[in-house]
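Note sheet for the following structure.
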Amino acid sequence: MSYRPMPRKSSLPAALYTAAQVREMDRLSIERYGIAGEELMERAGQAAFDLLRRRWPDARRILVLTGTGNNGGDGFVVARLALQAGLRVTVLQLGDRERIAGDAKTNALRYAALSGDWQPFGEALPRDTDLIVDGVFGTGLERNVEGRWAEALKAVNAFRVPVLALDIPSGLHSDTGRILGTAVRADATVSFIGLKQGMFTADGPDCCGDVYFEALNVPAQVYASQILSARRLDWQRQKQLLQPRSRTAHKGQFGHVLVVGGDRGYGGAARLCAEAALRSGAGLVSLATRPGHVCPVLAARPEIMVHGVESPADLLSLTGRARVVALGPGLGKSDWGHALWQALIDTELPLIADADALNLLAEFPRSHDKWILTPHPGEAARLLKCTTEEINADRFRAVERLQRRYGGVAVLKGAGTLVLDGGNRPTAVCTDGNPGMASGGMGDVLTGVIAGFVAQGWDLAHAAELGVCLHAAAADKAARAGERGLLASDLMSHIRRLANPENE
């Protein structure tokens, strides 16, 4: 069955909310602004059905899975509209239909009044199905999905037809993005009233597919009642911060990055970081590394000023010229790496810490306001003395703990990279990027890009957000040739092109 791809991220709002906040906005719409709950449900179902028809115009046999709550009520609206449009519709009920109440019951009865096919979920899904609509669980789910409910969600995932999730994929935690035992993996999700923060990090992107948003015409005052819990970042918005350079610009205006790393066998990490800093616009980049790496780096990238260093004393002349230090790519934890780390970790220069700089920080913790920490979940677990599973179970809480414990700006890498500074701004979530980034060297490139923006004069928080989004957007460009086999070095030409949006 063919489908028409629809616009995805560019039209989504930046504001993200918790499930409790969206429920409060729903309540205010009804109680303070007089929009009947039945009307909101009708608008939600109509919006979902309109999306269904636009995206999958050839779908003729629609299967709607419903629970007993309001999410199921949205599903009954979709089922009724599909039936009235002449499509063949089957509703499979999960849970006792006698427990359906309120507006959901009203819409269930409207569907039944049209002699719509409404059956309890059995052992399997009907094979003659073109499209599944997931209306089982809404945003209130807090416990793991078990029993017949889990069987149904697994059956949906095993079925080889498109899936449209209503509001949020069933089984996905709205606030954290973790899977509660099992969850629907939808091709598209249409989210109502407010985007839920868990849709964009952890397991959220994998479960949600393409995300669409419908405000349901609730009043603007409803949104004014809530302080957003998180912010969505993407390159489309971030690139607007980059302006063309003055025609009289010179390299001294764009800062000097010092990259420190590259123990024996890891020179590539440091070289990637240094080149990424140049490609993102730094005026000058020096690399302090093992002497054995000097010639190979110069041969491959002569624009990098490479210095062989054996001890911290060799760094003194380099730090005096630098505006920012990128510490950690390929640094290692040998005596050499530890000594350089010890010499620089308390520097007064802005510092971007990655890789073994973070692992050493976990062993010798301290707090600083002038650094950006860029851990992946494993490094974050070491920094917080917990397990990687605990980090991934609630990435928002993890990045908050990192920032409180270590100060500065925390960047928690992964699907839906999070950025949090020590100010009053809510956590930022990057919605660019792809699975092809799961390869060695990607983090080294990110460190270099962020360092490049700091060198050019951006404050730490904005440099981190710009760097994360540019890095992810470059990976998306590079992934057009395929995600599998994507190399960190493949990003370099795209970083340069994207960093000059006036030329795009």
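The values are calculated or read from the model by the stated rules, or taken from the named source; none is laboratory data. A quick note: this is a predicted structure, and the numbers were derived from the prediction, not measured. No Cβ is skipped: glycine too gets one built from the backbone with ideal geometry, and neighbour counts run over all protein chains shown. In case anyone asks, the SASA skips ligands and DNA or RNA and just uses the protein heavy atoms, side chains included. Shrake-Rupley method; radii C 1.70, N 1.55, O 1.52, S 1.80 Å.
Based solely on its DSSP helices, what 222 nm [θ] is calculated for the chain when runs of n ≥ 4 H residues each add -39,500 (n - 2.57) and the sum is averaged over all residues, nearest 500 deg cm²/dmol? Display every interim value, and only then the final one.
Details: 19 runs with 193 residues, N = 504.
So the calculated ellipticity at 222 nm is -11500 deg cm²/dmol.
What is the chain's relative contact order, in percent, from Cα pairs under 8 angstrom and six or more apart in sequence? Before the final figure, lay out the partial values.
Working: 1102 pairs, mean separation 65.2, N = 504.
13 percent.
Please compute P(r) over all alpha-carbon pairs of region 422-488, binned at 5 Å starting from zero, and give each bin as a whole-number percent.
In order of increasing distance, the bins hold 3, 18, 24, 22, 17, 9, 5, 1 percent.
DSSP loop GluC sites (Glu not before Pro) in region 223-329 with at most 16 other Cβ atoms within 10 Å of their Cβ, which ones?
Passing sites in region 223-329 are 303, 310.
What trypsin sites (Lys or Arg not before Pro) does region 76-149 have in DSSP loop regions with at most 11 other beta carbons within 10 Å?
127, 143
What value in Å³ per residue do you get for the convex hull of the alpha-carbon atoms in region 178-230?
For region 178-230, the hull spanned by Cα atoms encloses 83 Å³ per residue.
Tell me, what is the Rg over Rh of region 131-254, with Rh the Kirkwood radius over Cα pairs?
Working: Rg = 19.3 Å, Rh = 16.5 Å.
Result: Rg/Rh = 1.17.
As I understand it, the value is the acute angle between the Cα axis of helix 442-455 and the longest principal axis of the Cα atoms of the chain; what does it come to in degrees, rounded to 10?
The angle comes out near 70 degrees.
By a straight-distance test (C-alpha under 20 Å), which lysines pair with residue 370 as possible cross-link partners, with residues fewer than eight away in the same chain excluded?
Candidates past the 8-residue exclusion: 413.
So what's the Cα pair-distance distribution over region 225-272, bin width 10 Å, in %?
Percent of pairs per bin, in order: 16, 20, 30, 25, 8, 1.
Send over a whole-number figure in Å² for the accessible area per residue of the chain, probe 1.4 Å.
41 Å²
Determine the principal axes of the Cα atoms in region 457-504, then give the extent along each, sorted from largest to smallest and rounded to whole angstroms.
So the three principal-axis extents are 34, 22, 13 Å.
In degrees from 0 to 90, rounded to the nearest 10, what is the angle of the helix 37-55 Cα long axis to the longest principal axis of the chain?
Computed tilt is about 70 degrees.
Under the 0.36 nm per residue contour assumption, what length would be gained going from the current alpha-carbon distance of residue 484 and residue 245 to full extension?
Contour length minus Cα-Cα distance gives 82.5 nm.
Helix 147-158 against the longest principal axis of the chain: what's the angle in degrees, Cα atoms only, rounded to the nearest 10?
70 degrees
Evaluate the relative contact order of region 369-504 (contact order divided by residue number), counting alpha-carbon pairs under 8 angstrom at least 6 apart; express in whole percent.
20 percent.
Rounded to a whole number of µm²/s, how large is the Stokes-Einstein D of region 19-145 at 37 °C and 0.692 mPa s, given Rh as the Kirkwood radius over C-alpha pairs?
219 µm²/s
Hey, what did region 143-256 get for relative contact order, percent, Cα under 8 Å, at least 6 apart?
RCO, region 143-256: 20 percent.
Filter the trypsin sites (Lys or Arg not before Pro) in region 233-334 to those in DSSP coil with at most 15 other Cβ atoms within 10 Å of their Cβ, and list the result.
In loop regions of region 233-334 (DSSP not H, G, I, E or B), the sparsely surrounded trypsin sites (Lys or Arg not before Pro) are 245, 247, 264, 321, 333.
What is the gain in length, in nm to one decimal, between residue 36 and residue 124 on full extension, counting 0.36 nm per residue of separation less the C-alpha to C-alpha distance?
On the way: separation 88, 0.36 × 88 = 31.68 nm, distance 3.64 nm.
Between residue 36 and residue 124, full extension yields an extra 28.0 nm.
Taking a ≥ b ≥ c as the square roots of the eigenvalues of the Cα gyration tensor of region 93-173, is the shape rounded (a/c under 1.5), prolate (a/b larger than b/c) or oblate?
Working: a/c = 1.59, a/b = 1.14, b/c = 1.40.
Oblate, since a/c reaches 1.5 and b/c is not below a/b.
Could you tell me the ratio Rg/Rh of the chain? Both radii from Cα atoms, Rh via Kirkwood.
1.05
Once the mean 1/r over all distinct Cα pairs of region 253-327 is inverted, what Kirkwood radius in angstroms do you read off?
Computed over region 253-327, the radius equals 12.0 Å.
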